[in-house]
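Below is one structure, written out as structure tokens, with a few remarks after it.
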Amino acid sequence: MRSLQIMKSKLLIVADLGLVKAYKLDFTPNHTPRLEQLEEIVLEEAHSRLLDKLTDEAGRHSSPTQKNWGAPLADDHNFKLEFKRRLIRQISDHIRRLIERSGCDVCWLAAHKEINQKILDELPPAVCNRIKKNLPRDLTKVGQKELLDQFLNANASII
């Protein structure tokens with residue numbers, strides 16, 4: 001049973017706040033892993049500046065005066081949290097679509113530890129059940145060999 005499970009194709013997904021990559025993992029008859037990149041999704045919103053997102057002067061910081069020295073006109077902390085939450089929802093939507101479309105029964109996921117659980121919370125239970133290995137690491141910028149090593153040799157948390 002175990003060798004049969006290893007032989008099936010797997011979907012590998014790696015993500016951070018600005019990038020989602022999907023790979024298909026196959027094993028040759030000699031049990032050699034073969035990784036093929038299926039898709040790379042760059043979230044442009046994650047790479048733009050905060051000022052580019054604000055549409056009026058009310059959200060910007062004013063010049064300091066004696067009366068309100070260094071105090072912003074509006075607190076952008078909530079804006080940053082909302083922006084991050086929207087990005088996580090977009091990432092989750094992409095992951096859901098990739099898993100549903102892939103036809104693979106088994107998916108392995110790696111996402112930065114700061115957003116890993118938040119992504120899982122946004123996914124529907126049917127999609128979460130297909131994620132069999134979960135690494136709370138940012139592996140979006142590593143090469144394919146190291147990506148394979150991380151997944152195949154890591155004692156990942158099982159969902």
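Report, by residue number, each residue of the range 141-152 that is assigned to a loop (DSSP other than H, G, I, E, B) and surrounded by 19 or more Cβ atoms within 10 Å (Cβ to Cβ).
Correct list: empty.
Per the conditions (1) modelled with pLDDT under 95; (2) more than 12 Å from the chain's Cα centre (by Cα), the sole criterion not satisfied by residue 16 is (2). Only one of the listed residues (102, 92) is among the polar types (S, T, N, Q), in contact with a strand residue (DSSP E or B) (Cβ under 6 Å, 6 or more places away or on another chain) and either in contact (Cβ under 8 Å) with a residue 24 or more places away in the chain or over 17 Å from residue 45 (Cα atoms) (or both). That residue is 102. Looking only at residues in the range 116-141 that are hydrophobic (A, V, I, L, M, F, W, C) and touching a residue at least 60 places away in the same chain (Cβ under 8 Å), the one that is farthest from residue 96 (Cα to Cα) is 139. Filtered by the rule that a residue be outside any loop (DSSP other than H, G, I, E, B), of a type in the set (A, V, I, L, M) and either at pLDDT 95 or above or within 15 Å of residue 12 (Cα to Cα) (or both), the range 116-140 gives 119, 120, 127, 131, 135. Listed by first and then second residue, the pairs with beta-carbon distance under 6 Å, at least 6 apart or on different chains, first residue in the range 76-87 and within 12 Å of residue 45 (Cβ to Cβ), second surrounded by 12 or more Cβ atoms within 10 Å (Cβ to Cβ), are 87/17; 87/46. Residue 95 meets all of the listed conditions (1) modelled with pLDDT under 95; (2) over 12 Å from residue 17 (Cβ atoms); (3) hydrophobic (A, V, I, L, M, F, W, C) but one, namely (1). Just to verify a result, which residue in the range 105-115, among those that are closer than 21 Å to residue 43 by Cβ and out of contact with any strand residue (DSSP E or B) (no Cβ under 7 Å at 6 or more places or on another chain), is surrounded by the fewest Cβ atoms within 10 Å (Cβ to Cβ)? Here the answer is 113.
The values are calculated or read from the model by the stated rules, or taken from the named source; none is laboratory data. The shown structure was predicted, so the numbers you read here are calculated from the model rather than taken from an experiment. Note: ideal-geometry Cβ built from the backbone for every residue, glycine included; neighbour counts use all protein chains shown.
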